[in-house]
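The values are calculated or read from the model by the stated rules, or taken from the named source; none is laboratory data. Since this is a predicted model, take the numbers as computed values, not measurements. When we count neighbours, we look across all protein chains shown, and the Cβ atoms used for this are built from the backbone with ideal geometry, even at glycine.
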Amino acid sequence: MPAINETVAKVTDRVIRRSKEGRARYLDLIERQRDEGVHRPNLSCGNLAHGFAASGEDKATIRGGHAMNIGIVTAFNDMLSAHQPYGRYPEQIKIAARERGATAQVAGGVPAMCDGVTQGQDSMELSLFSRDVIAMSASVGLSHGMFEGALLLGICDKIVPGLLIGTLRFGHLPTILVPAGPMPSGLANKEKIRVRQLYAEGKVGREELLEAESASYHGAGTCTFYGTANSNQMMMEMMGLHMPGSSFVNPGAKLRQELTRAATHRITEIGWAKDGKENEDYRPLGLCVDEKSIVNAIVGLLATGGSTNHVIHIPAIARAAGITVDWDDMDALSRVVPLIASVYPNGAGDINYFHAAGGMPYVIRELIGAGLAHPDIMTIYGASLMDGAQEPFMEDDALVWKPAAEASHDDTLLKPVTDPFQPDGGMVLLHGNLGRATMKISAVKDEHRTIEAPCRVFDTQNAVGEAFKAGELDRDVVVVVRFQGPAANGMPELHKLTPPLGVLQDRGYRVALVTDGRMSGASGKVPAAIHSSPEAWHDGPLGKLRDGDVVRVCAHEGTLQALVDDAEWAARKQAPAPAEQWGTGRELFAMMRRHSDPAEMGGSAMLKEAGL
C-alpha cells in the first residue's frame, strides 16, 4: 500500500489528538455495555417472554439464547420512493438469518422525512431535527437488550446520519447498513433544469412542471441525482459499513436481494460470541467508526463532490463516537483531495451512470492507491477497506464479487486521481467578517466563484421569490437569506431558490447566495455561501447587513466579507429576529431549536444536551 498523503496524515493525527479524551470515554462506554449492559441473558423471565411472545417459528431459537438475534431498525414507509422497497426487507432478512441458524426481529421504526416533498414548505423546518428524532428512535428500539447485532434500513438525507448516531450509542453491537438502491434513470437532468427555470420565469405552467418532475421521480428507489441520499451511501462504503459495491444497485433486482441476504449472513459472523465462545472476528460498530473512517468519509465526500449537508452530518456522527472534527479539517483535506467524479448536479450523468462507470469500488481503489484514504480501518467485511474495492455480480444465480474496474468506463463521470476533473475537492471554507461558511464548488464554474456585488437582504426564502418575480433582482446581486439557522427555524434547506437564482445567472448577472441556512445535496451552478456561523439568531454577522452593502464571496481566496468600514460595522446593531411561526408541528421542536449546537458542530440539540 502507498504511504498516506502527508496532509491526510496530519489531519488524521490532529483529529486523534483532539478526540483523545472523548474517544477514550466512548470506548469505555461500549466496553461496559458489552460486558455489563442490558442483554438477553440478563433479562428476567418476564422481560424475555415479552420479547419473543409474537416470534412464531423463531420463538424457540430466541428463547434458547444460543444464536444471534438481529435487531432490524427500519425507515420504511411507502410514501417515499427511496424507502418503499424496505417494506419486504424484514421478511427477507428473517429467512436469511434462519439460513445461518440465527433470528431477526424488527426492533423499531424511525421516521423518514423527505426534503424533496417538503422543499420550500413550512414543514421543511422540521427536517434537520428529524435526525435527532431518528437517533432517539433507533436508541429506543435497541434499548430492549434483545439483540446481538443490528441491520439498519435507511437511505436518505437525515435518516442514515440519525441511524448511525443512535446506534453508535450501542456501539458494542456489530452493525451493517443495508441500502435499497436508486430508481432507474428518468428524464434527462438538463431537461428537468430547463423546465424548472421556465416555470420560475412564468413561461410554462404547473402542469408542464409536474409532468417533468413526474418523469424525473417516477418509481421506487432513491432520487438519481447526487444529493444527500446518494452521498450517504458513498460515505457508508468509504467507512466500510456496507457490503462492497452495494450502494447503487436498483430496487427489485435479483442482485439487490442477494446483497441484502449477504449482509444478513455477514452480521451473524461478526458478533461478540460465536458457537458459545468469544469470536476472534468480532467487529462492533464503535470500533468500525473511528478517526480514520471519519476522515475517509470526508475524503470520499470531497473526491466525489457530495452533498453540502454532510459538513453538518459528519461532525454529528463523529461526536456520537467520541470524535471531534471541524470545517478546518475538511478545508485542509479539500486542498489535496482531487475531484474524480462528476455526477449530476456537478455533471450530466446521474448516479446510475456513475455506478455503471465503475462506481464506488473504482473510487475506493483510486483513493487508496493515491494514499488519500486509510485502508487500515475495521470494515464489516474484510481485512481492510481495499476489500471494498470490489463490484458485485450475479453468476449462475449466485452472488460473486470481482475487483474494481482498472479504468473508468466513462471518463465524463469518473476519472483517475492522476487526471481529475479538478485538482482539489468539491468544497471550500469561507471566512471573514460575515462568519464562517461552506461552499460547494464542484458544480460552480471557475468564472462564477468570485462575486462582488451589492446585497439584497431577506428574512425568508418566499420573500426572495417575490422579489424575483417583481424584477427587483435583475442585476448583479448577492442574495442574503438570514435567520435560517438551527436556532432560528431549524435550518431548512433553501433549494427552492435554485431555479430563480439560476435564471438570473443565465441572464448574465453575477449572482451569489449567502445564508445561515442549508442549501441542499442538489446545490448547483450558483455560488452559495451556506451554514454561515454564528447564525443571525445568535447575533451572527448576517444580522448586521443592510440592503446595498457590497459583499464579496470568493471561493479562490476563501473570503466571505461585507465591504463596510470597520468602525461603521462595529457600531451597527443587529436586525430584529422575525417572530417564530407555529403550525405544521414546528412548535413541538422549539426545545430543539433553543438548545441546538452551531452548524459546524452538527446543529444538534440532542448531542449538546448529552454532553457529547
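Here are the numbers for the structure shown:
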read-out: The lone exception for A590 - which of (1) in contact (Cβ under 8 Å) with a residue 24 or more places away in the chain; (2) closer than 20 Å to K158 by Cβ it fails; value: (1)
read-out: Residue in the stretch 595-606 that is within 30 Å of E447 (Cα to Cα) and touching a residue at least 40 places away in the same chain (Cβ under 8 Å) present; value: yes
read-out: Selected residue (only one of M439, M378, M394, M386 is touching a residue at least 24 places away in the same chain (Cβ under 8 Å) and under 30 Å from Q484 (Cβ atoms)); value: M439
read-out: Some residue of the stretch 226-243 being farther than 23 Å from G166 by Cα, over 23 Å from the mean Cα position of the chain (by Cα) and assigned by TED's automatic domain parsing to the domain that holds N346; value: no
read-out: Count - residues of the stretch 164-206 that are of a type in the set (K, R) and either buried (at least 24 other Cβ atoms within 10 Å of the Cβ) or in contact (Cβ under 8 Å) with a residue 60 or more places away in the chain (or both); value: 3
read-out: Hey, G286 touching a residue at least 60 places away in the same chain (Cβ under 8 Å), in a helix (DSSP H, G or I) and in contact with a helix residue (DSSP H, G or I) (Cβ under 7 Å, 6 or more places away or on another chain) or not; value: yes
read-out: Residues located in the stretch 521-550, provided they are within 26 Å of the chain's Cα centre (by Cα) and on the phi > 0 side of the Ramachandran plot; value: H531
read-out: Residues (more than 19 Å from A303 (Cα to Cα) and among the hydroxyl-bearing types (S, T, Y)) located in the stretch 424-451; value: T450
read-out: From the options G502, G548, G521, residue that is at pLDDT below 95 and out of contact with any Phe, Trp or Tyr (no Cβ under 9 Å at 6 or more places or on another chain); value: G502
read-out: Test: residue in the stretch 271-285 that is among the hydrophobic types (A, V, I, L, M, F, W, C) and modelled with pLDDT under 95; value: yes
read-out: Given (1) in contact (Cβ under 8 Å) with a residue 24 or more places away in the chain; (2) touching a Phe, Trp or Tyr at 6+ places or on another chain (Cβ under 6 Å), number of the condition V160 does not satisfy; value: (2)
read-out: Residue that is surrounded by the fewest Cβ atoms within 10 Å (Cβ to Cβ), among those in the stretch 262-278 that are in a helix (DSSP H, G or I) and out of contact with any Ser or Thr (no Cβ under 9 Å at 6 or more places or on another chain); value: H265
read-out: Meets criteria (in a loop (DSSP other than H, G, I, E, B) and hydroxyl-bearing (S, T, Y)) for S214; value: no
read-out: Residues that are acidic (D, E) and either assigned to a strand (DSSP E or B) or surrounded by 24 or more Cβ atoms within 10 Å (Cβ to Cβ) (or both), drawn from the stretch 503-535; value: D516, E535
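One line per residue, one yes/no per condition, for (1) farther than 25 Å from S123 by Cα; (2) in a loop (DSSP other than H, G, I, E, B):
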residue	(1), (2)
W537	no, no
R546	yes, yes
L588	no, no
R593	no, no
S596	no, yes
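For every residue, the table says whether it meets (1) among the charged types (D, E, K, R); (2) in a loop (DSSP other than H, G, I, E, B); (3) in the same structural domain as E258 (by TED's automatic domain parsing); (4) more than 19 Å from A610 (Cβ to Cβ).
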residue	(1), (2), (3), (4)
T61	no, no, yes, yes
A67	no, yes, yes, yes
I72	no, no, yes, yes
M124	no, no, yes, yes
S139	no, no, yes, no
M146	no, yes, yes, yes
A150	no, no, yes, yes
